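Notes follow once the structure below has been shown.
The values are calculated or read from the model by the stated rules, or taken from the named source; none is laboratory data. Fair warning: this is a prediction, and the values are worked out from it, not measured in the lab. FYI the Cβ positions are ideal-geometry reconstructions off the backbone, even for glycines, and counts take in every protein chain you see. Surface accessibility is based on the protein's heavy atoms, side chains included, excluding ligands, DNA and RNA. Shrake-Rupley method; radii C 1.70, N 1.55, O 1.52, S 1.80 Å.
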Amino acid sequence: MINSRAGYGKIEISFTVNGEPKKLRAYPMERLLDVLRLKLGLTGAKEGCGEGECGSCSVLMNGVLMNSCLIPILQAANTNIQTIEGLAAENSMHVLQQTFLDYGGAQCGICTPGMILAAVQLLDRNPQPTTEEIREGLSGNLCRCTGYNQIIDAVAEAARRRNSA
Amino acid sequence: MTTERIIGNSVPRKEGRDKVTGRSQYVDDMVLPDMLFGATVRSQIPRGRIKNISFADSIPWDEFVIVSAKDIPGKNCIALIGDDQPCLASEFVNHPEEPILLLAHPDRHLLPQAVKAVSIEYEPPWPAIFTIEESERCTEVIWGDDNIFKTYRIQKGDVEGIWKKAAYIVEGEYSTGAQEQLYIEPNGMIAAFDESTGITVWGSLQCPYYVHKALMALANLPAEKVRVVQMETGGAFGGKEEYPSMIAAHTSLLAMKARRPVKIIYDRMEDMAATTKRHPSRTRHRTAVSREGKILGGEIDFTIDGGAYLTLSSVVLSRGAIHAGGPYYWPNVQIRAKAVATNAPPHGAFRGFGAPQSLFAMERHMDRIARTVGLSPVEIRKRNFLQPGQTTTTEQVVREAIDLGKLLDRALEVSDYTAKKKQFASKNQLGSSRKGIGIAAFLHGAGFTGSGERYLSSVVGVEGCADGSVRVLVSSTEFGQGTNTVLSQIAAEALGLPYESVTMAQPDTLEVPNSGPTVASRTAMVVGKLVQSAALGVAQTLIFSKLLQEGYSADDFRAACKQYVSTHSPFRCWSRYDPPSDIFWDDEKYRGEAYAAFAWAVYIAEVEVDLTTYSVAVKDFVALQEVGKVLHPLLAKGQIIGGIAQGIGFSLYEKVVWQNGRMQNGQMTNYIMPTSSDLPPIRVFFEELGNFHGAYGAKGIGELPMDGPAPAILNAVEDAVGVPFNSIPLLPEDIMDGLAAASEENSAVSRVGRR
């Protein structure tokens with residue numbers, strides 16, 4: 001874990017989170033994950049391993065999936081961050097959130113925010129993925145509950161719904 | 001009321017919307033004012049006596065709250081089955097992750113350095129033991145008089161007489177390794193203390209009343225001064241059955257001393273190293289078989305490594321022993337089961353609870369028997385399957401109309417077994433990979449073993465609310481498996497209400513009764529049945545008070561419920577477990593009705609072994625089971641697939657590397673669980689027999705899928721490469737060594753042959 005007292009003093013960081021401009025003071029090596037959770041109260045990103053292996057802290061940084069536990073806040077300056085909280089407006093759901101619900105893609109829910117964001121990136125890059133491409137595209141996000149099949153079903157269905165919309 | 005409008009339908013997961021939108025609150029998402037963070041100083045050696053504890057000057061210790069065993073107001077133990085496990089070691093340590101001191105500070109990031117700045121000196125090292133064999137030798141006695149936590153003997157018929165009648169005597173030894181539950185949310189807890197209300201803890205946990213019991217003993221407080229609240233829990237699989245009591249105890253001690261709330265969240269490495277894992281096991285079979293391939297009888301020795309303290313080992317051992325004979329008819333059998341102590345952190349509950357270990361042995365052994373007798377894996381099983389009217393190893397009569405032969409035939413058909421078996425046998429001689437196909441047939445008992453449910457005596461409540469809806473009050477927890485959804489379905493079905501009219505109370509011991517622990521595949525079957533009857537009590541109350549008439553509509557119910565509450569108050573109906581009168585169990589002889597019901601299954605795995613890398617890929621997996629009425633097809637399927645994924649990890653990937661009782665690979669980078677690209681499509685099929693007495697005919701489902709994958713996969717590997725492997729996890733290096741040894745043996749045989 002990065003010691004927030006070591007090294008440099010606090011600096012001012014500006015970035016955009018879920019479409020809203022944010023300005024805050026933080027130690028440059030504080031993790032983006034901690035800033036999101038503790039300073040901004042966005043607890044949807046979870047810490048599963050703290051070493052970039054499980055993907056449950058995933059967020060989109062300028063549209064690219066990143067493990068927020070590995071990003072020093074300095075690196076997030078002037079970027080555009082999207083977390084699970086910003087995926088859909090209050091009281092509505094993104095198509096992936098709906099299909100995860102419909103197809104059993106969420107069990108305990110702890111990997112779900114990161115998994116859904118990984119799926120968002122996947123469908124942005126490849127709107128009609130094959131099953132193998134979905135498996136490959138989500139393989140950086142670990143889920144211990146589902147055995148992945150129902151997650152894959154949910155992503156495939158979201159692609160279908162989007163393409164037929 | 002129409003029946004079964006909701007049961008059998010895949011209604012939306014109760015807390016699903018909060019989960020997919022990231023709104024669910026897990027323990028680490030909760031922050032209390034003035035909260036401190038806590039950390040644990042652990043032993044670094046497997047066994048010894050503490051001489052001195054010192055604190056390095058580099059840390060501003062006056063900013064820290066420090067707790068030792070001396071600060072424990074009550075008994076220094078984690079009360080469970082026994083009370084041998086200390087909450088904090090004061091003098092002796094028995095494993096290398098034993099908690100000794102607790103630290104708390106407002107800055108979470110200072111804690112790791114502070115933990116490192118505590119030095120613990122020990123007397124010159126005491127010898128320690130790390131394996132079942134070392135424990136059995138008793139050169140060091142670390143627990144009781146003989147290192148044995150518990151033994152069981154299951155005896156049926158006469159084993160002495162069978163050996164002379166046998167055409168074949170088949171022997172084998174099988175072993176399984178430790179396995180980490182690897183829920184993605186690490187263990188965590190928050191505690192607060194107040195003189196007037198006592199201790200409150202909020203945490204990631206399976207069993208609120210286990211924590212409640214442990215805290216009462218530790219803090220010497222009456223029941224009403226201990227409150228346990230379950231937060232949304234990010235996976236458990238048994239791994240949050242007993243260890244949360246330890247973390248609750250630690251946070252509570254810190255909070256009592258600090259007079260401020262304290263949060264402890266384990267990082268991944270601490271969680272993997274210090275908390276429980278699946279018991280390593282060794283099983284020895286010696287089986288007498290007739291010329292026709294019928295089992296005449298046998299001896300089964302089942303031994304598990306419990307680690308340093310008793311915890312749940314006696315119960316894990318019991319389930320493992322009862323399942324050791326598999327779904328087969330044994331006219332005579334003797335099962336000798338034993339749990340032994342080693343200087344490793346205690347092993348504990350993990351989905352399957354002893355059964356995956358002993359069933360792995362049974363199903364590998366069946367294939368060995370088949371080869372010895374010269375029958376196919378299919379035929380040997382068919383000749384020995386339990387039939388209705390026959391008895392299990394504990395002499396429980398099979399009353400269900402189960403036809404295991406038919407179940408097997410169906411699995412063979414959907415997996416295209418016969419054609420594939422033939423095709424792999426001929427094609428296998430060529431190329432750089434080998435394909436194989438393997439079977440596992442098994443059973444899993446639902447609910448607590450023997451008299452367990454009678455002792456638990458679970459209670460469930462259903463409340464009529466002011467808005468006309470109903471609320472289910474249980475201590476049964478949701479951790480992904482679907483407790484909230486299935487119990488709501490049952491209440492809605494019983495009352496003829498829409499699913500949306502039922503809510504679940506958060507498991508909070510101030511409010512919910514003790515419906516028992518959320519373990520043992522018991523929730524749908526046992527707790528579900530109680531929810532059904534408590535729900536009917538709510539309707540009866542309204543009918544007796546003349547606010548409602550039989551044949552009511554959902555609107556009538558809501559109006560009546562509203563009116564009742566406005567003139568009286570919110571009302572609750574309770575239901576307590578009433579053991580069926582026909583269930584008999586003898587705790588002394590370990591004989592009788594071990595389980596109220598069994599789930600039955602046949603799994604078929606197809607594998608490809610790469611002869612260059614020696615890696616095994618599971619190419620296809622068919623899971624066929626009879627679990628009674630499927631209450632929620634989507635959730636049920638999710639349980640089966642998820643369990644199989646963990647079973648594939650158990651078989652082929654997940655190896656705990658030990659050194660002096662410590663896990664050396666406690667990270668997700670070096671302890672490898674399956675990713676989405678490692679798994680095959682898993683094809684799930686349910687058969688429904690019906691007519692069972694659980695809620696709407698449900699039996700247990702959660703643990704079953706953990707039992708089958710390992711033997712099915714290792715049977716398939718043997719089918720592919722022609723060499724038997726009897727130990728899991730089976731890693732590429734093991735296959736390389738095994739194939740090399742086999743080819744050396746072959747060439748030695750041919751050299752002998754030439755002479």
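Projecting the alpha carbon convex hull of region B:151-242 along each direction and taking the average yields 10.7 nm². Where the accessible area of the protein assembly as shown is counted over protein heavy atoms with a 1.4 Å probe, how much of it, in %, is carbon and sulfur? Exposed carbon and sulfur together represent 50 percent of the surface. Annotation: amide H of residue B:619 within the under-5 Å range of B:606, B:607, B:608, sequence separation 5 or more or interchain, hydrogens built in the peptide plane. Between residue B:455 and residue B:576, the simple label model (points 7 Å from Cα in the Cβ direction) yields a spacing of 1.8 nm. FRET efficiency for the pair residue A:161 and residue B:116, taken as 1/(1 + (r/R0)^6) with r the Cβ-Cβ distance and R0 = 51 Å, rounds to 0.45. For residue B:571, the residues whose modelled amide H falls within less than 5 Å of its own, excluding neighbours fewer than 5 places apart on the same chain, are B:464.
How large is the convex hull of the C-alpha atoms of chain A per residue, in Å³?
Working: hull volume 17.8 nm³, N = 165.
Spelled out: Cα convex hull of chain A, divided by residues, is 108 Å³.
For region A:11-86, the orientation-averaged shadow of the C-alpha convex hull comes to 4.2 nm² (one quarter of the hull surface). Just so you know, the Rg over Rh for region A:95-164 is 0.91, from Cα atoms, with Rh as the Kirkwood radius. Annotation for region B:649-755: GluC sites (Glu not before Pro) lying in DSSP loop with at most 15 further Cβ atoms inside 10 Å of their Cβ are B:688. Annotation note: trypsin sites (Lys or Arg not before Pro) in region A:76-165 located in DSSP loop regions with a Cβ neighbour count of at most 15 within 10 Å are absent. Working note: Karplus 6.51/-1.76/1.60 with θ = phi - 60° gives region B:381-388 the couplings 5, 4, 6, 10, 4, 4, 10, x Hz, where Gly and Pro are set to x. Here the Karplus curve 6.51 cos²θ - 1.76 cosθ + 1.60, taken at θ = phi - 60°, turns the phi angles of region B:125-136 into couplings of x, 9, x, 10, 10, 10, 10, 4, 5, 5, 5, 5 Hz, with x standing for Gly and Pro.
Inverting the mean 1/r over all pairs of different Cα atoms, compute the Kirkwood radius of chain B and quote it in Å. Walk me through the numbers on the way to the answer.
Details: mean 1/r = 0.0367 Å⁻¹.
Result for chain B stands at 27.3 Å.
Using the alpha-carbon centroid of each, what span in Å lies between region B:165-234 and region B:279-296? Taking the Cα centre of each part, region B:165-234 and region B:279-296 sit 35 Å apart.
Rolling a 1.4 angstrom probe over the protein heavy atoms with all chains in place gives region A:1-160 an accessible area of 39 Å² per residue.
Using alpha-carbon positions, what is the distance between the centroids of region A:56-120 and region B:453-469, in Å? Here the answer is 37 Å between Cα centres.
Averaged over its residues, how many other protein chain Cβ atoms are within 10 Å of peptide B:474-486's Cβ atoms?
Numbers: counts 0, 0, 0, 0, 3, 5, 9, 3, 2, 0, 0, 0, 0.
Other-chain Cβ atoms within 10 Å of each residue's Cβ, averaged: 2.
Within region B:270-307, the GluC sites (Glu not before Pro) that combine a DSSP coil assignment with at most 12 other C-beta atoms in a 10 angstrom radius are B:292.
What the Cβ-Cβ distance of residue B:71 and residue B:49 gives, at R0 = 22 Å and to the nearest 0.05, is a FRET efficiency of 0.60. With a 10 Å cut-off around each Cβ of A:41-53, the average count of Cβ atoms from other chains is 6. What separates the Cα centres of region A:17-44 and region B:664-723 is a distance of 40 Å. Note on B:631-641: average number of Cβ atoms from other chains within 10 Å of each residue's Cβ is 4. On the basis of the beta-carbon distance and an R0 of 60 Å, residue A:74 and residue B:563 show a calculated FRET efficiency of 0.45. Once you place label points 7 Å from the Cα toward the Cβ at residue A:93 and residue B:194, how far apart are they in nm? Spacing of the two 7 Å Cα→Cβ label points: 3.6 nm.
The phi-based Karplus calculation (6.51 cos²θ - 1.76 cosθ + 1.60; θ = phi - 60°) puts the 3J(HN,Hα) values of region B:35-41 at 6, 9, 10, x, 8, 10, 8 Hz, whole numbers, x for Gly and Pro.
Total Å² of accessible surface buried at the B-A contact, 1.4 Å probe, nearest 100? It comes to approximately 4300 Å² buried between B and A. The label-point distance for residue B:584 and residue B:740, in a model that sets each label 7 Å from Cα toward Cβ, rounds to 5.8 nm. Taking 0.36 nm per residue of separation and subtracting the current Cα-Cα distance, fully stretching the chain between residue B:466 and residue B:168 would add 100.2 nm. The fraction of Cα-Cα pairs per 10 angstrom bin, counted from 0 for the protein assembly as shown, comes to 2, 12, 21, 25, 21, 13, 5, 1, 0, 0 percent, rounded to whole percents.
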